[in-house]
Amino acid sequence: MICHLAGALADKGVAVTLFSWDPPNAKSYYPIHPGVCWVRLGFRTGIADKFRRFWKMYRHLKSQGISIFIGFVMSADKVVYAATKLSGVTLIVAERNAPSMYWLRYNRWQRATCFALMHLADRIAVQIPSFAECYPASLRRRIEVIPNPVPPASRMARPDMANEAGRFVLLAVSRLDSVQKRIDCLIRAFARIARTYPEWDLRIVGDGPEDGALRRIVAETGLSERVSFDPARADVFDVYVQAHLFAIPSLWEGFPNALAEALSHGLPAVGFAGAAGVADLIGDDAGWLAPGLDDEASFARALAPAMADGTERARRGARAVKNMEAFAPQAQFDRWTQLINDVAEEPAR
């Protein structure tokens, strides 16, 4: 989303500098607009490197005359807060996760620190309207809602039609981690019903630290012939077209790009009703929601009717395409442009 937004702003004539913690020789996984200046600040653990990064960012902000800074996935990153505020830059905190993350992942002190630091922001951008009410009341007047852009698909999935081999594919596109994404829950849920639906296979696309552990779980279930792993890929649209049902067992999301892309390709989805961000996109008849959160039995019970009924998958897939039209890219980039113009006209805090 950073690459997309930076490019869209550059196309509008905005001078854009992209800061990241990547090493100086890093290459971008996604293309960066040629008009965007990419400053790779590097990253090492320890207090000394925090001061180094602060000083380097502060000098860039001052020397390049940057007036507005949009910070993605900041949480309590004191380096960014210090560099932007001491340099006099207007700060927009772009939250990329549902606020439920602060209760699921952080302790009380960490949560309080994050919210206290957000009072230094001039604006806070969230992706779903319902998220705003989950922040302290003192922050809500600073919150703007800007969903992620979802481009329309050029080809559609056929969720009711078996592939050439006569098989159906349950798809997950995800980072492989045990903290948020919970692909292990999906594997175990699939294992519960795999014998009832022998024509179905599970395909997992993505990389991450849990790759080896997930493969061991598959081996333990005896489903190695029906569960496949593919590495992450920048162009994943063909994968959606080849699938028949999308699964996202995350504990929380912000505006989950893989889910939105799958829905835009006419692929209905299954997720947890308790997962903020996930339930918001699926809830309007674009798939099935499993009650609760992180419950493999509940997820299996939601998968079963979805896998059993091709006609219903096709109907909900068509509804999903319609729902995603509300997130047309140009409309979201226009929202960002308006927000930038608004904060540029306000007096500095």
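Only the coordinates and a few stated rules stand behind these numbers; no lab work does. As the structure is a computational prediction, the values presented were derived from the model and not from experiment. A quick note on method: Cβ atoms are made from the backbone with ideal geometry, for glycine too, and the neighbour counts reach across all protein chains shown.
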| task | Compute the length gained on full extension between Lys78 and Ala318: take 0.36 nm times their separation in residues and subtract their Cα-Cα distance, giving the result in nm to one decimal. | result | 81.9 nm
| note | To the nearest 20 debye, the range 168-327 has a Cα-centred charge dipole, built from +1 on Lys and Arg Cβ and -1 on Asp and Glu Cβ, of 320
| query | What residue among Ala260, Ala48, Ala276 has the largest mean-square fluctuation in a Gaussian network model of the chain, using Cα springs under 10 Å? | reply | Ala48
| Fewest-first ranking of Trp109, Trp38, using other Cβ atoms within 10 Å as the exposure measure | Trp109, Trp38
| task | Report the local net charge at Leu259: Lys and Arg +1, Asp and Glu -1, summed over other residues whose C-beta lies under 12 Å from its C-beta. | result | -2
| query | For the range 168-327, what is the relative contact order in percent, using Cα pairs closer than 8 Å and at least 6 residues apart in sequence? | reply | 24
| query | Exposure proxy check: Glu164, Glu225 ranked by fewest other beta carbons within 10 Å? | reply | Glu164, Glu225
| task | Using R₀ = 22 Å, calculate the FRET efficiency as 1/(1 + (r/R₀)^6) where r is the Cβ-Cβ separation of Glu133 and Arg335; round to 0.05. | result | 0.65
| task | Based on other C-beta atoms within 10 Å, arrange His119, His33 from fewest to most. | result | His119, His33
| So for the chain, Kirkwood radius off the Cα pairs, Stokes-Einstein at 10 °C and 1.306 mPa s: how many µm² s⁻¹? | 74
| message | Along the Cα→Cβ direction, 7 angstrom out, place labels at Lys12 and Ala297. What is the inter-label distance in nm? | response | 5.0
| How far apart, in nm, are two points set 7 Å out from the Cα along the Cα-to-Cβ line at Phe43 and at Ser228? | 3.3
| Dipole magnitude (debye, nearest 20) for the range 1-119, charges at Cβ of Lys, Arg, Asp, Glu | 400
| query | According to a simple spin-label model (label point 7 Å from Cα along Cα-to-Cβ), what is the distance in nm between Asp211 and Asp284? | reply | 3.7
| message | I want the local charge near Arg44. Using Cβ-Cβ distances under 12 Å, sum +1 for each Lys or Arg and -1 for each Asp or Glu among the other residues. | response | +2
| task | Taking the dipole about the Cα centre of the range 143-196, with the C-beta of Lys and Arg at +1 and of Asp and Glu at -1, give me whichever of Ile146, Ser178, Ala191 is farthest to the positive side. | result | Ala191
| note | Relative contact order of the range 60-125 (C-alpha contacts under 8 Å, at least 6 apart) in percent is 36
| field | Stretch gain in nm, segment Asp238-Arg155, where the contour uses 0.36 nm per residue and the Cα spacing is subtracted | value | 29.0 nm
| said: Over the range 168-327, what portion of Cα pair distances is larger than 21 Å, expressed as a whole percent? | reply: 37
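Can you give the FRET efficiency to the nearest 0.05 for Glu325 and Val179, using r as the Cβ-Cβ distance and R₀ = 35 Å?
0.60
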| request: List the relative contact order of the chain as a percent without decimals, with contacts defined as Cα pairs under 8 Å and 6+ residues apart. | output: 16
| task | Quote the FRET efficiency, to the nearest 0.05, computed for Ala112 versus Val145 with a Förster distance R0 of 22 Å and r equal to the Cβ-Cβ distance. | result | 0.35
| request: Sum -39500 (n - 2.57) across every DSSP H segment of at least 4 residues in the chain, then divide by the residue count to get the 222 nm mean residue ellipticity, nearest 500. | output: -12000 deg cm²/dmol
| task | Report, in whole Å, the centroid distance computed from the Cα atoms of the range 131-178 and the range 1-63. | result | 26
| Interchain or long-range residues, amide H under 5 Å from Phe72's placed H | Ala94
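Trypsin sites (Lys or Arg not before Pro), restricted to the range 158-255: which are DSSP loop and have at most 10 other Cβ atoms within 10 Å?
Of the trypsin sites (Lys or Arg not before Pro), the ones in loops of the range 158-255 whose Cβ has at most 10 other Cβ atoms within 10 Å are Arg195.
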